[in-house]
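Engineer: This is the structure I want to talk about, given as structure tokens.
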Number of protein chains: 2
Amino acid sequence: MKVIIIGAGFAGLNAAKSIAKLKDVKIQIIDRHNYHLFQPLLYQVATAGLNPADIATPIRAQLSNYKNIEIILDEVIHINRDEKVVQTKERTLNYDRLIIATGAKNFYFGNTQWATLAPGLKGLEDATEIRRRLFLAFENAEKAQDESLRKKLMTFVLIGAGPTGVELAGAFAEIAHQVLAKDFRHIKPEQSQVILIEAGPRILPSFNEKMSARAKKDLEAMGVSVLTNTKVIDITSDAVILTDGKIETQTIAWSAGVTPSPLAKTLGVELDRRGRVPVDQSMGLKQDSNIFVLGDLAAFDTKDGTLPGVASVAIQQGRFMGKIIKADIDIKPKPPFKYLDKGQMATIGRKKAVLQVGKISFGGTLAWYAWLFVHLYYLIGFRNRFMVFLQWAWSYLTFKRGARIITPPRTSEDN
Amino acid sequence: MKVIIIGAGFAGLNAAKSIAKLKDVKIQIIDRHNYHLFQPLLYQVATAGLNPADIATPIRAQLSNYKNIEIILDEVIHINRDEKVVQTKERTLNYDRLIIATGAKNFYFGNTQWATLAPGLKGLEDATEIRRRLFLAFENAEKAQDESLRKKLMTFVLIGAGPTGVELAGAFAEIAHQVLAKDFRHIKPEQSQVILIEAGPRILPSFNEKMSARAKKDLEAMGVSVLTNTKVIDITSDAVILTDGKIETQTIAWSAGVTPSPLAKTLGVELDRRGRVPVDQSMGLKQDSNIFVLGDLAAFDTKDGTLPGVASVAIQQGRFMGKIIKADIDIKPKPPFKYLDKGQMATIGRKKAVLQVGKISFGGTLAWYAWLFVHLYYLIGFRNRFMVFLQWAWSYLTFKRGARIITPPRTSEDN
């Protein structure tokens, strides 16, 4: 049986590994990048805590021991279910079974012009672009002759207060108040304003109210201004426009929305209202038993609603695919996937994090260590885990961030 | 006294540190990047052994403890000696004394169209561009349907066999023959051709003949084809054209020539035939006692000819500038700079290097350890040195290279 997997994120990579163990299966995994990205730590690259290569491992290196997996660097642009082929930018490939795990991308609610003004945080290029803008803003502020320009350059706005927005806000504040404290002669980085904007009534809405309040208090103690119930009406090159006023800034990061990969539309099935592909309890496309959809792209129903677009759902679904394909080959009923909710956590800053597992929730030092442990544990590949641990240990001891290099802007808009 | 230093390379950075210790001196150091680059290890970034941030440290972090140094991220475009000002892209700055240390850039002997076809190795963007092309060539070869295209994609040409060309050739061969050996299904990376081209009669011409021969033997044992007395007539997007034939390839790196920074021309003095600025024995411009020129940009005469454009000359000249400016302030005769030749070394591969100090020269394991030690020692900043050491230890033990990520091409041509 020939299985094609589109996307080597958490879902695709784990699916490939679990299916590769079956007999008489050949796998082709297609990704437009040559690396697998550990997305939960992207904000660390954006804030110079880690290098791009610390959270990106070559897909080939990950899968080199699986002789029945072929890796193709390419981008799929169309799926033809009738002929059982996928069309890439370069060629056409046949499949017996197709697994789609292309994830989600930044979504600006129709305001596509915001994309370049307020980069999101989905890929490595996004992260290095935000890093470039962050450190360049301080450089330009140091040179600015005009006080109002200086103030604008030293104002940083994060839109959207899910875990990514909160993590970015905390890291921005640490950079301004600690990392760069001694580095400039004309500006005081600690006078920067870091503003976190959330349209809803509280930050970290997926957590309980106590944890939201805890995170808000922690952020404010670090000097972050948290604006809830605040709607962004427009973004310009110089300001974020709110319902009742504007914030002058040139450095904005976006984490207020994502939308599923556009590949879903080529399947010719009805999508859910958020653009995801409805699947059955074995991640199968209801209309086509040869196709499976995993991760952020799938709308997987449970009695508590559809599963969220988080790494642990993608990983568990990927790992489960081996069992499903095995049943498929054996012409047996496909087993249903059961999600084991391991809880969620978000880091805010040094010794500050919030954690929630079922009915248990707490914040502070212990939550931060738990966050650190879990992220190191899951970061794929021993080398990276080891290096990341050392870099963090070093940053922790010295309050320094090593990856503060400003590299040229990206050429291609990935979003 | 107000001293402006242009360039934060080895010469400029060390000059800043040595002058900053003097009383009543204010320093402005101008660089177009926010980082100081450890150029001798650029080839490691180009071949995925190290991350960009491992060899680049923020200039501000380097100099944050010197309160009389101001760092300006900008590019100097003109020097006006009559008015004692430098003109940057953004503003005009006055100086009492000016130190120019802007180094050299890639030189294509008038064939400027070669620059994009065969990137050199002077900056971080060059290195990540070469890395991108190297790993993308293997990816494209894996997908190629045509045998001749596959062969072309798996041919790598290095032009110029100084230390950089030799180091790149060795690292390319290691990647093809060891690092990627198990990673592909349709190609055998070990069948790649790595070709090192040198116009002169031997490789590493600055070393003695015995070391040149040793390095050639080592490279050939690693599978590199070494072509000496071979002149490149033209470079196209598909081939390197030689006097007597052509090599079909799409991946070419250039290390056959550098030329001093064009800023020298704005001084209005006669340059030497290689475009460098002739200086007196205290690195002073002969026509203007307020100006000093250091490093690759300077033509500093000794009884054995002008000093070479290497890191140790730049470092020593930079460190000596404190003494010269001190004499200048005290209205005393400026001391002459004496270069202490610490020898030279080039690495070829695992446990393979050549080393030459005065009349002593040897190759092999001991030379390689010496090379490793010296490079770790000089790599500025404890954090980087420590991380680089660990990365190397890891690569050494596992034959892996971690930084194999392909990122988008650069936007701006720096050369």
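The values are calculated or read from the model by the stated rules, or taken from the named source; none is laboratory data. Predicted model, so just to flag it, every value in this text is computed and none were measured. No Cβ is skipped: glycine too gets one built from the backbone with ideal geometry, and neighbour counts run over all protein chains shown. Just so you know, the surface numbers come from the protein's heavy atoms only, side chains and all, with ligands and any DNA or RNA stripped out. Shrake-Rupley method; radii C 1.70, N 1.55, O 1.52, S 1.80 Å.
Engineer: So what's the stretch B:268-347 giving for Cα Rg divided by 2.2 N^0.38 Å, two decimals?
Structural biologist: So the Cα radius of gyration is 1.11 times the expected 2.2 N^0.38 Å.
Engineer: Would you tell me the mean number of C-beta atoms belonging to other protein chains that fall within 10 Å of each C-beta in A:67-79, as a whole number?
Structural biologist: Counting Cβ atoms of other protein chains within 10 Å of each residue's Cβ and averaging gives 2.
Engineer: Right, next: For the stretch B:346-353, take each phi angle, set θ = phi - 60°, evaluate the Karplus expression 6.51 cos²θ - 1.76 cosθ + 1.60, and give the result in whole Hz per residue in order, putting x for glycine and proline.
Structural biologist: With the stated coefficients, the stretch B:346-353 comes to 9, 9, 10, x, 3, 6, 10, 7 Hz.
Engineer: Can you tell me the orientation of helix A:124-143 relative to chain A, as the angle in degrees between its alpha-carbon axis and the longest Cα principal axis, to the nearest 10?
Structural biologist: The angle comes out at about 10 degrees.
Engineer: Output wanted: per-residue J couplings in Hz (rounded whole) for the stretch A:282-297, from phi through Karplus 6.51 cos²θ - 1.76 cosθ + 1.60, θ = phi - 60°, x for Gly and Pro.
Structural biologist: Once θ is set to phi - 60°, the couplings for the stretch A:282-297 become 10, 6, x, 5, 4, 8, 7, 6, 8, 10, 10, 10, 10, x, 4, 7 Hz.
Engineer: Take the cross-link list B:LYS89/B:LYS342; A:LYS122/A:LYS152; B:LYS23/B:LYS84; B:LYS188/B:LYS351; B:LYS182/B:LYS231 and give me the ones stretching past 30 Å between alpha-carbons.
Structural biologist: In this structure, B:LYS89/B:LYS342; B:LYS182/B:LYS231 lie more than 30 Å apart at Cα.
Engineer: Pop a pseudo-label 7 angstrom from the Cα along the beta-carbon direction at both A:ILE360 and B:ALA181 and give the gap in nm to one decimal.
Structural biologist: 4.6
Engineer: What do you get for the angle between helix B:163-174 and the principal long axis of chain B? Use alpha-carbon atoms, 0 to 90 degrees, nearest ten.
Structural biologist: 30
Engineer: I've got another one for you. Considering only the label points, 7 Å along Cα→Cβ from Cα, what distances in nm to one decimal separate A:PHE362 from the same position in each other copy, shortest first?
Structural biologist: 6.0
Engineer: To continue, here is another question. Among B:ILE27, B:ILE159, B:ILE72, whose mean-square fluctuation peaks in a Gaussian network model of chain B (Cα, cutoff 10 Å)?
Structural biologist: B:ILE72
Engineer: Which FRET efficiency, nearest 0.05, do B:GLN287 and A:ASP146 yield, Cβ-Cβ r, R0 35 Å?
Structural biologist: Given R0 = 35 Å and the Cβ-Cβ separation, E is 0.35.
Engineer: Here's something else I'd like to know. Full-extension gain between B:GLU248 and B:LYS303, please, as 0.36 nm times their residue separation minus the C-alpha to C-alpha distance.
Structural biologist: Length gained, B:GLU248 through B:LYS303: 15.3 nm.
Engineer: Here's another thing I want to ask about it. Using a 1.4 Å probe and ignoring any ligands, DNA or RNA, find the accessible area of A:GLU70 and quote it in Å² to the nearest 10.
Structural biologist: 30
Engineer: Let me ask you something else. Which log10 I(q)/I(0) values, to two decimals, does the stretch A:1-154 give at q = 0.10, 0.15, 0.17, 0.18 Å⁻¹ under the Debye formula with one point per Cα?
Structural biologist: -0.49, -0.87, -1.02, -1.09
Engineer: Just name one of A:ILE99, A:LEU73, A:ALA48: the one whose Cα is farthest towards the positive end of the charge dipole of the stretch A:1-123 (beta-carbon charges, Lys/Arg +1, Asp/Glu -1).
Structural biologist: A:ILE99
Engineer: Please compute the contact order of chain B in relative form: average sequence separation of alpha-carbon pairs under 8 Å and at least six residues apart, divided by the residue count, as a percent.
Structural biologist: With pairs under 8 Å counted, the relative contact order is 20 percent.
Engineer: Mean separation of Cα pairs under 8 Å and 6+ residues apart, divided by the residue count of the stretch A:26-108: what relative contact order is that in percent?
Structural biologist: Once normalised by length, the contact order is 28 percent.
Engineer: Determine the calculated [θ] at 222 nm for the protein assembly as shown from helices alone, applying -39500 (n - 2.57) to every DSSP H run no shorter than 4 residues and normalising by the residue count; nearest 500 deg cm²/dmol.
Structural biologist: -9500 deg cm²/dmol
Engineer: Taking amide H atoms as placed 1.01 Å from N in the peptide plane, list the residues 5 or more away in sequence, or in a different chain, whose amide H sits under 5 Å from that of B:ILE99.
Structural biologist: Amide H neighbours of B:ILE99, under 5 Å, 5+ apart: B:ILE4, B:ILE5, B:ILE6, B:PHE292.
Engineer: Right, another one. Compute the Kirkwood hydrodynamic radius of chain A, taking the inverse of the mean of 1/r over all pairs of distinct Cα atoms, and give it in Å to one decimal.
Structural biologist: Taking the inverse mean of 1/r over all distinct Cα pairs, chain A comes out at 22.4 Å.
Engineer: At a probe size of 1.4 Å, how large is the accessible area of B:LYS182, to the nearest 10 Å²?
Structural biologist: Roughly 100 Å² of B:LYS182 is accessible to a 1.4 Å probe.
Engineer: Long-range amide H contacts for B:ALA298: which residues qualify at under 5 Å (H placed 1.01 Å from N, peptide plane, sequence gap of 5 or more or a different chain)?
Structural biologist: Amide H to amide H, under 5 Å and 5 or more residues apart or across chains, B:ALA298 pairs with B:VAL277.
Engineer: Turning to a different aspect of this structure: Can you order the peptides B:92-102, B:329-339, A:225-235 by their average number of other Cβ atoms within 10 Å per residue, highest first?
Structural biologist: Going by the mean number of other Cβ atoms within 10 Å, highest first, we get B:92-102, A:225-235, B:329-339.
Engineer: Still on this structure: Rounded, prolate or oblate: pick one for the protein assembly as shown, where a ≥ b ≥ c are the square roots of the eigenvalues of its C-alpha gyration tensor, a/c under 1.5 means rounded, and failing that, prolate if a/b is larger than b/c, else oblate.
Structural biologist: oblate
Engineer: Just reorder A:THR116, B:THR155 by solvent-accessible area, largest first, 1.4 Å probe, all chains present.
Structural biologist: From most exposed to least exposed: A:THR116, B:THR155.
Engineer: Now for a separate question. With every protein chain present, what accessible area does A:MET154 have (1.4 Å probe, heavy atoms only), rounded to the nearest 10 Å²?
Structural biologist: Roughly 10 Å² of A:MET154 is accessible to a 1.4 Å probe.
Engineer: Separate question: Compute the signed sum of charges (Lys and Arg +1, Asp and Glu -1) over the other residues within less than 11 Å, Cβ to Cβ, of B:ILE159.
Structural biologist: That works out to 0.
Engineer: Can you tell me which aspartates and glutamates have their Cα less than 17 Å from the Cα of A:LYS334? Leave out same-chain residues fewer than eight positions away.
Structural biologist: A:ASP96, A:ASP280, A:ASP288, A:ASP301
Engineer: If R₀ is 41 angstrom, what is the calculated FRET efficiency for the pair B:LYS342 and B:ILE77, using the beta carbon separation as r and rounding to 0.05?
Structural biologist: That pair, B:LYS342 with B:ILE77, gives E of 0.70.
Engineer: Next question, about the same structure. What FRET efficiency, computed as 1/(1 + (r/R0)^6) with R0 = 51 Å and r the Cβ-Cβ distance, is obtained for B:TYR378 and A:GLU209, rounded to the nearest 0.05?
Structural biologist: With R0 = 51 Å, the Cβ-Cβ based efficiency is 0.40.
Engineer: Here's another thing I want to ask about it. Over the stretch B:20-164, what is the relative contact order in whole percent, taking alpha-carbon pairs under 8 Å and six or more residues apart?
Structural biologist: The value is 23 percent.
Engineer: A follow-up question, please. So how many Å³ per residue does the convex hull of the Cα atoms of the stretch A:146-248 work out to?
Structural biologist: Each residue corresponds to 94 Å³ of Cα convex hull volume.
Engineer: Taking each label point as 7 Å beyond Cα in the direction of the beta carbon, state the distances from B:LYS323 to the same residue in the other copies, shortest first, in nm.
Structural biologist: For B:LYS323, the inter-copy label distances come out at 7.5 nm.
Engineer: Which order do A:GLU209, A:GLU129 take when ranked by solvent-accessible area (1.4 Å probe, heavy atoms of all protein chains), largest first?
Structural biologist: Result of the area sort, largest leading: A:GLU209, A:GLU129.
Engineer: Follow-up. If I fit a long axis through the Cα atoms of helix A:209-221 and take the longest principal axis of the Cα atoms of chain A, what angle between them do I get, 0 to 90°, rounded to 10?
Structural biologist: The two axes meet at around 40 degrees.
Engineer: To the nearest whole number, what is the average tally of beta carbon atoms from other chains within 10 Å of the beta carbons of peptide A:240-250?
Structural biologist: Mean partner-chain Cβ count within 10 Å for A:240-250: 0.
Engineer: Suppose every K and R has +1 on its Cβ and every D and E has -1 on its Cβ; what is the size of the dipole of chain B about the Cα centre, in Debye to the nearest 20?
Structural biologist: With Lys and Arg at +1 and Asp and Glu at -1, about 1160 debye.
Engineer: Can you list the distances in nanometres, one decimal and ascending, from the A:LYS265 label point to the identical position in each other copy, with the point 7 Å along Cα to Cβ?
Structural biologist: Here A:LYS265 shows inter-copy label distances of 5.0 nm.
Engineer: Across the stretch B:44-52, in residue order, what do the Karplus-derived ³J(HN,Hα) couplings come to in whole Hz, using 6.51 cos²θ - 1.76 cosθ + 1.60 with θ = phi - 60° and x for Gly and Pro?
Structural biologist: 5, 6, 4, 10, 6, x, 10, 7, x
Engineer: Taking amide H positions as placed 1.01 Å from N in the peptide plane, with prolines and chain starts having none, which residues 5 or more places from B:PHE107, or on another chain, fall under 5 Å of its amide H?
Structural biologist: B:GLY257, B:VAL258, B:THR259
Engineer: Could you order the peptides A:105-111, B:9-15, A:307-313 from most to least packed, using the average number of other C-beta atoms within 10 Å per residue?
Structural biologist: For the peptides A:105-111, B:9-15, A:307-313, the packing ranking is B:9-15, A:307-313, A:105-111.
Engineer: Let me confirm one metric for peptide B:57-66, namely the mean number of other chain beta-carbon atoms within 10 Å of its residues' beta-carbons.
Structural biologist: That average works out to 4.
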